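Below: one structure, written as structure tokens.
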Amino acid sequence: MIAPCAEEGSERGTTARARLRLLADQPGHAQDARNATDPRNTPDAGDPREASLVKELAAALFGSFTRKDQREKGEQYLGGLLRTHGRKSIRRIAAQVGGSAAEQSLHHFICSSTWEWMPVRAALAVYLEEVRPSRAWVVRSMPIPKAGDQSVGVDRMFDPCLGQAFHGQQAFGVWQVSEAFSTPVHWRLRLPDAWVRDADRRRRAEIPEGIGTQTDEECAADAVLESMSAWRVPVRPVVLHAHISDLPATIGRFTRAGIPVIARAADTPSTSTLAVRAPALPGYRGGPLSARTILDSVRGLRRRVEWTDPAAPSFAGRTSLAVAVPVGRADAGRGAVPGGDELVLLGEWADARQAPVAMWATNMTSVPAAPLLRLTKLADRTARDLAGIGERVGLKDFEGRSFRGWHRHLTLASAAHAVASLAGHGDRATGYASRSA
């Protein structure tokens, strides 16, 4: 059985939180919070809180840079992402921070420099855990529509969260999340087979050796497992919002790593790998069943669950029907595999007469249905902030062709997202400046 861990703290974290409170107490912060839902109240280009946070965050993140000029360029790019209106191309950022003379140096810093992005992402995660401890890590897809075929990883894709195909890149982000705050800290770009097996494409995009083809669910799981295993951050529950088909296999990877996870189930026949474990429930010893079939059989056991909507500016109260069912991997015959991983299947209904609006499976088998359902709602907070702050800071805006450039831009755009969130601009970012071409 896997259970969520308790909050962790430190003397260093206390100091960082005190600095954050000082920023929050500056004149106007309370009024900003009251007016957060008014789209006209967008952050100023010269917002003093953002400028102060850029300085502090740059000092925390760029310690791994070996050269002073790299640290300066990192701070320039970070500030430029926040002050530049419209699409965050290197040219537009350069126009904000130093004009045409800065364009070449910033292009080199992002696309051709030697700095590694993983230490910067790890430092961002540690910093955020100190100033805004998270409740969970949320993994979600970020489809990036693109014209043409030169940007690394571009292909015909299908996004299961959107339920539609598109032409572009498919990325998976790892977000540190609480009900009132979310920021991405790590990214993984899924490379289609056409890119992985084409030696010329790999060379031109500078794709490192060892990067291979993955499914969506493999890419999503790897994104959070590689970061949580390597970084000095607390183990939090993972909300894997990725429409997983083979639930026992994917969740089993987290169980073996000692990480609590709840994964969204794909509503397809390929999820027919589950068996009901409880003898008193319908479907026991019924052989391999789909998640939908199991949940349909226990509709009479649903209970009303109240939860707070983290995606609503006013944090409105909502109600759903939910049920949790003990399940496991089914064998080829009748029933769960003896000694296999124990799971709980969670179903949610918005309308008792309709199909479930979401299905999840988890290794947190001792946690009741209500807190499990509330945990899944943290994914809604990331969707809201991706559409708001994420658009403002240019998470989808990298125009270069290189694998390394893409990762460096996403790293600094994530830091800019953290600055905007900490400065209190999350609710207003949705109505930020229009994005010109």
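The values are calculated or read from the model by the stated rules, or taken from the named source; none is laboratory data. Everything quoted here is computed from the prediction, not taken from an experiment. Positions of Cβ are generated from backbone atoms using ideal geometry, with glycine treated the same way; all protein chains shown enter the neighbour counts. Each accessible area value is taken on the protein alone, full model and side chains, heavy atoms only, with ligands, DNA and RNA left out. Shrake-Rupley method; radii C 1.70, N 1.55, O 1.52, S 1.80 Å.
Taking the stretch 188-227, which residues are buried (at least 18 other Cβ atoms within 10 Å of the Cβ) and either small (Gly, Ala, Ser) or out of contact with any helix residue (DSSP H, G or I) (no Cβ under 9 Å at 6 or more places or on another chain) (or both)?
Result: Ala205, Asp216, Cys219, Ala220, Ala221, Ala223, Ser227.
Report the residue count in the stretch 131-168 for those that are open to solvent by 40 Å² or more (accessible area, probe 1.4 Å) and acidic (Asp, Glu).
2
If you check Ala280 against the conditions, is it free of Cβ contacts under 8 Å to residues at least 12 places away in the same chain, hydrophobic (A, V, I, L, M, F, W, C) and open to solvent by 40 Å² or more (accessible area, probe 1.4 Å)? Spell out the reasoning first.
Numbers: free of Cβ contacts under 8 Å to residues at least 12 places away in the same chain: yes; hydrophobic (A, V, I, L, M, F, W, C): yes; open to solvent by 40 Å² or more (accessible area, probe 1.4 Å): yes.
Yes: the conditions hold for Ala280.
Name every residue in the stretch 166-180 that is of a type in the set (A, V, I, L, M, F, W, C) and at pLDDT 95 or above, in order of residue number. Steps first, answer last, please.
Going through the stretch 166-180, the residues of a type in the set (A, V, I, L, M, F, W, C) turn out to be 166, 171-172, 174-175, 177, 180.
Result: Ala171, Phe172, Val174, Trp175, Val177.
For the stretch 340-360, name all the residues that are at pLDDT 95 or above, open to solvent by less than 30 Å² (accessible area, probe 1.4 Å) and part of a loop (DSSP other than H, G, I, E, B).
Listed by number, the list holds a single entry, Pro356.
Provide a single number: the residues in the stretch 308-317 that are within 23 Å of the chain's Cα centre (by Cα) and part of a strand (DSSP E or B). Let's see the steps before the verdict.
Going through the stretch 308-317, the residues within 23 Å of the chain's Cα centre (by Cα) turn out to be 308-316.
Imposing the further condition that a residue be part of a strand (DSSP E or B) reduces the set to 308.
Residues flagged as within 23 Å of the chain's Cα centre (by Cα) and part of a strand (DSSP E or B) within the stretch 308-317 amount to 1.
For the condition open to solvent by 20 Å² or more (accessible area, probe 1.4 Å) and modelled with pLDDT of 95 or more, what is the one hit in Leu386, Leu410?
On the way: Leu410 fails: open to solvent by 20 Å² or more (accessible area, probe 1.4 Å).
That would be Leu386, the only listed residue that is open to solvent by 20 Å² or more (accessible area, probe 1.4 Å) and modelled with pLDDT of 95 or more.
Condition (residue is open to solvent by 10 Å² or more (accessible area, probe 1.4 Å), in contact with a Ser or Thr (Cβ under 9 Å, 6 or more places away or on another chain) and under 22 Å from Ala415 (Cβ atoms)) applied to the stretch 229-240: is it met by at least one residue?
Yes, that holds for at least one residue.
So which residues in the stretch 222-252 are over 13 Å from Ile262 (Cβ atoms) and of a type in the set (A, V, I, L, M, F, W, C), if there are any at all?
If the condition is that a residue be over 13 Å from Ile262 (Cβ atoms) and of a type in the set (A, V, I, L, M, F, W, C), then Ala223, Leu225, Met228, Ala230, Trp231, Val233, Val235, Ala249 are the ones that fit.
All but one of (1) in contact with a Pro (Cβ under 9 Å, 6 or more places away or on another chain); (2) surrounded by fewer than 22 Cβ atoms within 10 Å (Cβ to Cβ); (3) at pLDDT 90 or above hold for Ile262, so report the exception by its number.
Result: Ile262 fails condition (2) only.
Checking the structure you have, find out if any residue of the stretch 332-339 is in contact with a Ser or Thr (Cβ under 9 Å, 6 or more places away or on another chain), surrounded by 15 or more Cβ atoms within 10 Å (Cβ to Cβ), touching a residue at least 60 places away in the same chain (Cβ under 8 Å) and of a type outside the set (Lys, Arg). If you could, list the steps in order and put the result at the bottom.
To start, the set of residues in the stretch 332-339 that are in contact with a Ser or Thr (Cβ under 9 Å, 6 or more places away or on another chain) comprises none.
Checking the stretch 332-339: not a single residue is in contact with a Ser or Thr (Cβ under 9 Å, 6 or more places away or on another chain), surrounded by 15 or more Cβ atoms within 10 Å (Cβ to Cβ), touching a residue at least 60 places away in the same chain (Cβ under 8 Å) and of a type outside the set (Lys, Arg).
So, of the residues in the stretch 283-293 that are closer than 14 Å to Leu247 by Cα and open to solvent by less than 40 Å² (accessible area, probe 1.4 Å), which turns out to be nearest to the chain's Cα centre (by Cα)?
Taking the stretch 283-293 and keeping what is closer than 14 Å to Leu247 by Cα, we get 288-292.
Checking which are open to solvent by less than 40 Å² (accessible area, probe 1.4 Å) leaves us with 289-291.
On the way: Leu289: 30, Ser290: 27, Ala291: 24 Å.
Here the residue is Ala291.
Taking the condition crowded, with 18+ Cβ neighbours inside 10 Å and at pLDDT 95 or above, does Pro248 pass?
On the way: crowded, with 18+ Cβ neighbours inside 10 Å: yes; at pLDDT 95 or above: no.
Answer is no for this residue.
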